[in-house]
Amino acid sequence: MSTQASKLEALMDAQHNGRGGTRVVAITSGKGGVGKSTLSANIAYVLASRGYRVGLMDADIGLANLDVMFNVRAERNILHVLKGEARFEDIVVPLEENLFLIPGESGDEILKFSDATIVSRFIDESQMLEGLDFLIIDTGAGIGDTIQMFLKAADEVVVVTIPDPAAITDAYAMVKVISRIKSDLSMIVNQVRNAKEGMKIFETIKKVAFGNIGEDLELKMLGSVRSDAHVARSVKQRVLVCKELSNIAPAGDIEAIAMAIADKKEHKMLERGREGGIGTFFKKLLGQF
Ligand SMILES: Nc1ncnc2c1ncn2[C@@H]1O[C@H](COP(=O)(O)OP(=O)(O)OP(=O)(O)O)[C@@H](O)[C@H]1O
Ligand SMILES: [Mg+2]
């Protein structure tokens, strides 16, 4: 058996592992280039290294970020599964122990799949991913229709910004849109000098959001990540910061964020048992829920 196949088998064997279903976390931003792919990949890696089973979905296929970062080729994606041209096991790429890349789809074509038979076959197929503890989705930037669908379907949405004023404005616009569809909303401020700067930016956005959206909005700070030239270089060198440069400041910052994400899952499990699971996520994504 090929290594790819045996690794996927490990994923499938883990079905119904009793850990409380799959928690779906969408990482998004208003402005592009703020660090979504870097953060998604590293958060996913940290969670996987702590023993969680993690799917990393690239919904930003147009720009093909994550497969490039991990130096793997993803030729087919969930759209091919929807069309019946591939199965989930053909498109899922094992990256590390416990870490699987699931090539997503950013085009509008996915929105056209309303045929109940096609969708339900797809959802049945998706059961092979039921053993995942987390699905981390790199959604790409902006408020396009497809991105909004992913955000709506996720359990938790994380908006990333950087200290740049244009990025802050776009992050606020994003928060405003997402607040209509999601109550579990948090922020990461990336590329800061220190945690204080990150907190200040978060407070500014939160204040404006409260003023305009109202106090029902639950916007939380997930954390900030310090700027470091090693991170910028790491992407070009295809080095995963939290794996290979784990002693630099941003790696520690990202680890703390990943642990906060893990804590939330553990809390949710105590509160109300299982998460909705992968099938529920895909049903919501494809508008069948
Ligand atoms: N904490 C950081 N310190 C220094 N550079 C960083 C940091 N985080 C991200 N970068 C760099 O910023 C650039 C953009 O990051 P990345 O590609 O992850 O952003 P993105 O939001 O996914 O972009 P896009 O919207 O184009 O998909 C990359 O070169 C990355 O290495
Ligand atoms: Mg990206």
_Those residues of segment 176-195 which are more than 16 Å from ligand 1 (Cβ to nearest atom) and either of a type in the set (Phe, Trp, Tyr) or modelled with pLDDT of 95 or more (or both), in sequence order_ = SER186
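Residues of segment 244-266 being surrounded by fewer than 19 Cβ atoms within 10 Å (Cβ to Cβ) and in contact with a Lys or Arg (Cβ under 6 Å, 6 or more places away or on another chain), which ones?
Selection gives ALA249 alone.
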*Please name all residue pairs, on different chains or six or more residues apart, with Cβ atoms under 8 Å, provided the first residue is in segment 131-160 and is within 13 Å of VAL177 (Cβ to Cβ) and the second residue is of a type in the set (Phe, Trp, Tyr) and surrounded by 23 or more Cβ atoms within 10 Å (Cβ to Cβ).*
THR139/PHE150
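Condition check ((1) near ligand 1 (Cβ under 9 Å from one of its atoms); (2) modelled with pLDDT of 95 or more) across all residues:
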| site | (1), (2) |
| --- | --- |
| THR38 | yes, no |
| VAL54 | no, yes |
| ALA59 | no, no |
| ASN71 | no, no |
| VAL81 | no, no |
*For residues that are within 16 Å of TYR172 (Cβ to Cβ) and in contact with a Leu (Cβ under 6 Å, 6 or more places away or on another chain), tally how many sit in segment 210-240.*
1
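The values are calculated or read from the model by the stated rules, or taken from the named source; none is laboratory data. Here the structure is a predicted model, which means the values were calculated and not measured. Note that we place each Cβ from the backbone using ideal geometry, even for glycine, and neighbour counts take in every protein chain shown.
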